[in-house]
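Have a look at the structure below, then the notes.
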Amino acid sequence: MKNVLNELAVNPLNYVENLESPIGVYLRREIFQKETKADAALKRELHEKMVADQSTDGSWDQLFVHTANSFWNLALLSYDAQDRSVKRGLEWLLSIQRHQYRGYLGFFHSNNRRDPSVMRATFYGEFGPGCTIFYQTTYAIHLLHMFGFDDNRQVQTTVKSYLQFWRPDWCGAWCTINVLRMLIEHPLSMESKQVKSGLKALAKRQTKTGAWKGFPFYHTFHALSRAHDALAKKQFKTPLPLVVKRQNKDGSWGRKQPETETFLVLDALKNAAS
């Protein structure tokens, strides 16, 4: 990671140090090791605001998108499953795992009619707007992974279902990268033939610059950073010059969602270096 950072025209800390958000707290702590007393106060302030907005059932507005993003923010702020707000939210999250997909068990769906439109308008975080049931299911399993629930029976049911039917041409680009990201990180699936086939499919789409034709660049780059496969590592290295070239003048990345896309770049570099 240090080699890439040294090649950048602008130190990304110039952008990150001014972010008063969960992403800002995370990046200062995990990437730059510059967590301050102000960050400790900001962390408490952000937590209090999120708890105040949480519904009595543990969700946020009974919307999956709002609930999942709030969970992600709590994880970035380093709150764990012992936090009261996280505990309540996890209970709600597991309660919506009540659907089948073509006869396969373990799929998450909020049944909130507003969720699909909110999802399509939201590009915050590690997951993007694919099919509603795949978006909610993969994002939910990712969050449960972050909070240490890999061995949970409900989580394993979902992963096993995907392993029975999923292939990289099953759906569109967002669904593909959402599912692949989830399978890459779970212990049951990280070395599976489904992951290997997904990585091969991405390799066929990778251009000379390193981008993946038809796929979201920053999300794909970040998803590959978590894989321990040689093909994934090769694909990850190819676009590094493009990452340097794409940096904005203020030190960030991206246009419409620079905070998210800056996270995806810097966290990916950290993952690849570990």
Any chance region 91-102 includes a residue that's more than 18 Å from the chain's Cα centre (by Cα), in a helix (DSSP H, G or I), under 19 Å from residue 124 (Cα atoms) and without any contact (Cβ under 8 Å) to a residue 40 or more places away in the chain?
no
Does region 30-43 contain any residue that is closer than 22 Å to residue 117 by Cα and among the charged types (D, E, K, R)?
no
3 or more residues within 20 Å of residue 4 (Cβ to Cβ), under 18 Å from the mean Cα position of the chain (by Cα) and at pLDDT 95 or above: qualifying helices (runs of 4 or more DSSP H) within region 180-274
217-225, 258-273
For region 42-59, pairs from a residue that is under 14 Å from residue 87 (Cβ atoms) to a residue that is modelled with pLDDT of 95 or more and of a type in the set (Asp, Glu), with Cβ under 6 Å and 6 or more apart or across chains, are 58/91
The listed residue being modelled with pLDDT of 95 or more and not in a helix (DSSP H, G or I), out of 127, 134:
127
Of everything in region 1-33, what is under 23 Å from the mean Cα position of the chain (by Cα) and outside any helix (DSSP H, G or I)? Give them in sequence order.
1, 12, 17, 18, 19, 20, 21, 31, 32, 33
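The values are calculated or read from the model by the stated rules, or taken from the named source; none is laboratory data. The structure presented is a predicted model; accordingly, all values stated were derived computationally and were not measured. Here Cβ is always computed from backbone atoms with ideal geometry, including for glycine, and neighbour counts include all displayed protein chains.
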